[in-house]
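Note sheet for the following structure.
Bear in mind that the values in this text are calculations on the coordinates, not laboratory data. Note that the structure is predicted; figures quoted are calculated from it, not measured.
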Amino acid sequence: MRWEGNRESSNVEDVRSGGGGGGGFGIGGGAIGIGTIVVALIGGAVLGINPLTLLGMMSGGGGAPQVQTAPGPQAPPSDEMGRFVSTVLADTEDVWKQLFTQGGATYREPRLVLFRGAVRTACGAGGAAMGPFYCPADQKVYIDLSFYETMKSRMGAPGDFAQAYVIAHEVGHHVQHQLGITDQVERSRARGGADANNMSVRLELQADCFAGVWGHHAQNARQIWSRATSRKR
């Protein structure tokens, strides 16, 4: 995937060097993660392993992590992984701003928080074990970059585009929030019934679709796909 030299987003908060009290992860308030849902399903299909087994592999182990909070405006990340994330986020901004403008709407860009271990969010305490997630309450995407190592070592998905897709998927949840789709699903969940789980699955699949929308338009505009270029780690 070609990404070097492209614009980097100013909407990244890097709190990886921060710290605080202990804590775990909670999804109260509507935090949406893909680490134990989409990747487990994809890995199960590709590797022929029960997704529940993969869920256990990805979420188990470890003591209480350090909880981090953003101390205010942050300098853009200077390490390669941080710059990669910033560049992909900028690319999603460009695509969705254009599509919203074409539809007569205004795209409000999400912020992305890089953290280690655990982090406080408006949706509760977020943890690395759940993988990347989106919090509608503060309109931020949260990523512990160790998840990419999990994708590489446990899921067999080491490529740049697979990593970019993770960000695009979470941004897809932000798009759902802006379009009012998330609120509709939450009202359906509150009513309960057999459709509640169905709606949750559809929400994830639609975020996948929105990630594909980003990939399609980014490729047409900037030819981001390349078999010959990849980061070495």
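Numerical summary
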| quantity | calculated |
| --- | --- |
| Contact order relative to length of region 119-186, as percent, for alpha carbon pairs under 8 angstrom and 6 or more apart | 25 percent |
| For ALA125, distant residues with modelled amide H under 5 Å away | GLY26 |
| Segment THR106-GLN139, length gained on full extension (0.36 nm per residue, minus Cα span) | 10.4 nm |
| Placed amide H near VAL113: partners under 5 Å, 5+ positions off or other chain | GLU13, VAL141, TYR142, ILE143 |
| In Hz, Karplus ³J(HN,Hα) per residue of region 176-186 (6.51, -1.76, 1.60; θ = phi - 60°; x = Gly, Pro) | 4, 5, 5, 7, x, 5, 4, 4, 4, 5, 4 |
